[in-house]
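Okay, structure first, notes after.
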Amino acid sequence: MSNQALFAGLLGALIAQLIKFFTLLIREKRIDVRTLVTTGGMPSSHTALVTGLTASVGLLEGFSSTLFDVSLVLAMVVMYDAAGVRRAAGKQARIINQIIFDLQHSLSFKESHLKELLGHTPLEVIGGAILGILVALGLNAL
């Protein structure tokens, strides 16, 4: 790809998803290809994407450029959303799923479960940020 900043972001996200896939494979000795496209877990692929993009923009265009500023604000919003809003939604989904489970076992209530792993812990976001920055630095060194 000729767009190094975009490539750094996408590569960071891909590596993050592969880390999750192989971590599950090693820990639980099972293959689940859904981990390649699902949200949540360590490291945050959304964070790796935006920090890879942002670090690469800074390295290419300068850390005092307007383009870097815009990219940095985008990264901050994504990371806040990952660790804040989506994490809270995941907690709510867990509680709703427990209510559904309780209702299903006490009544003839039929409802599907909600996805609980939506957001990230702050450590998962930091892990994604470090990964994204390392990918951008690695590509810039090439």
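When the residues of the range 9-45 are filtered to those that are in a loop (DSSP other than H, G, I, E, B) and hydrophobic (A, V, I, L, M, F, W, C), which remaining residue is farthest from Ile133 (Cα to Cα)?
If we filter the range 9-45 for residues that are in a loop (DSSP other than H, G, I, E, B), which is where we start, we get 29-32, 37-44.
Pick out the ones that are also hydrophobic (A, V, I, L, M, F, W, C) and you get 31, 37, 42.
Values: Ile31: 28, Val37: 21, Met42: 16 Å.
This residue is Ile31.
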Of the criteria (1) surrounded by fewer than 19 Cβ atoms within 10 Å (Cβ to Cβ); (2) modelled with pLDDT of 95 or more; (3) of a type outside the set (Phe, Trp, Tyr), which one Leu49 fails: (1)
Given (1) at positive phi; (2) crowded, with 17+ Cβ neighbours inside 10 Å; (3) not aromatic (Phe, Trp, Tyr), Lys29 misses just (2)
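For the range 95-114: of the residues being surrounded by 14 or more Cβ atoms within 10 Å (Cβ to Cβ) and not polar (S, T, N, Q), which is modelled with the lowest pLDDT? Give the steps one after another, and end with the answer.
Residues of the range 95-114 surrounded by 14 or more Cβ atoms within 10 Å (Cβ to Cβ): 96-97, 100, 114.
If we keep only those that are not polar (S, T, N, Q) too, we end up with 96, 100, 114.
Numbers: Ile96: 80, Ile100: 76, Leu114: 54.
Applying the filter and picking the extreme gives Leu114.
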Test each condition in (1) touching a residue at least 12 places away in the same chain (Cβ under 8 Å); (2) over 16 Å from Leu131 (Cβ atoms) for Leu67 and report the one that comes out false. (1)
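The values are calculated or read from the model by the stated rules, or taken from the named source; none is laboratory data. From a predicted model like this one, the values you see are computed outputs, not experimental measurements. When we count neighbours, we look across all protein chains shown, and the Cβ atoms used for this are built from the backbone with ideal geometry, even at glycine.
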